[in-house]
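The values are calculated or read from the model by the stated rules, or taken from the named source; none is laboratory data. All values reported here derive from a predicted model rather than from experimental measurement. Virtual Cβ from ideal backbone geometry, glycine too; neighbours counted across all protein chains shown. Ligands, DNA and RNA are stripped out before the accessible areas are found, and what is left, the full protein with its side chains, is counted by its heavy atoms. Shrake-Rupley method; radii C 1.70, N 1.55, O 1.52, S 1.80 Å.
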Amino acid sequence: MTRDEIQQQLIDIVHKEKDIPDDKLSLETPLADAGIDSLDALTILFAIEEQFHISIPDDKARAMKTFGDMVNVVEELLPAAL
């Protein structure tokens, strides 16, 4: 799976969980600035784990501060899951 495919799937997940305009969701966007609070982040995290069939360790989950961080973590964990 390419980075672009991962990014698109993550965008879809975030849009299902939270109504965020596309222009508010770039790789550099801090999740808090996009209106994602801790409860939203947890819901999104579970959706990511289910969608990609991965388990995101707590330390990596806490380190996700931007949308780009999400993409990086999923990209990093995906090969390990295959």
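Report, in degrees rounded to the nearest 10, the 0 to 90 angle that the Cα long axis of helix 38-52 makes with the longest principal axis of the chain.
40 degrees
For the chain, find the longest principal axis of its Cα atoms and tell me its angle to the long axis of helix 67-81, 0 to 90°, nearest 10.
That works out to roughly 20 degrees.
Of the listed values [x] 16.4, 52; [y] 12.7, 37; [z] 11.5, 33, grab the one calculated as Rg and Dmax of the Cα atoms in Å from the structure here.
So the calculated entry is the one marked [z].
Express the carbon and sulfur contribution to the solvent-accessible surface of the chain as a percent, rounded to the nearest whole number, probe 1.4 angstrom. The partial results should precede the final answer.
Values: 2570 of 5030 Å².
Roughly 51 percent of what the probe reaches on the chain is carbon or sulfur.
Relative contact order (percent) for the chain, with alpha-carbon contacts under 8 angstrom and 6 or more residues of separation?
Working: 62 pairs, mean separation 30.9, N = 82.
It rounds to 38 percent for the chain.
Tell me, what is the per residue accessible area of the chain in Å², probe radius 1.4 Å? Present the calculation step by step, with values, prior to reporting the outcome.
On the way: 5030 Å² over 82 residues.
On a per-residue basis, the chain sits at 61 Å².
Report, by chain and number, residues whose modeled amide H sits under 5 Å from the one on residue 66, excluding near sequence neighbours (fewer than 5 apart, same chain).
Here 31 satisfy the definition.
Which one, 32, 46, 9, is farthest towards the positive end of the dipole of the chain when Lys and Arg carry +1 and Asp and Glu -1 on their Cβ?
46
Report the charge-dipole magnitude of the chain in Debye, nearest 20, computed about the Cα centre from +1 at each Lys and Arg Cβ and -1 at each Asp and Glu Cβ. Don't skip to the end; give the middle numbers.
Details: 7 positive and 18 negative charges, 26 e Å.
Its charge dipole is roughly 120 debye.
Give me the number: length gained by fully extending residue 2 to residue 49, i.e. 0.36 nm times residue separation minus the C-alpha to C-alpha distance, one decimal in nm.
Details: separation 47, 0.36 × 47 = 16.92 nm, distance 1.73 nm.
15.2 nm is the gain from fully extending residue 2 to residue 49.
Once the Cβ-Cβ distance between residue 27 and residue 59 is put in as r, and R0 is 25 Å, what FRET efficiency do you end up with, to the nearest 0.05?
E(calc), rounded to 0.05, equals 0.75.
For the chain, what does the helix formula give at 222 nm: sum of -39500 (n - 2.57) over DSSP H segments with n ≥ 4, over the residue count, nearest 500 deg cm²/dmol? Working shown, then result.
On the way: 4 runs with 51 residues, N = 82.
After summing the helix terms and dividing by the residues of the chain, the value is -19500 deg cm²/dmol.
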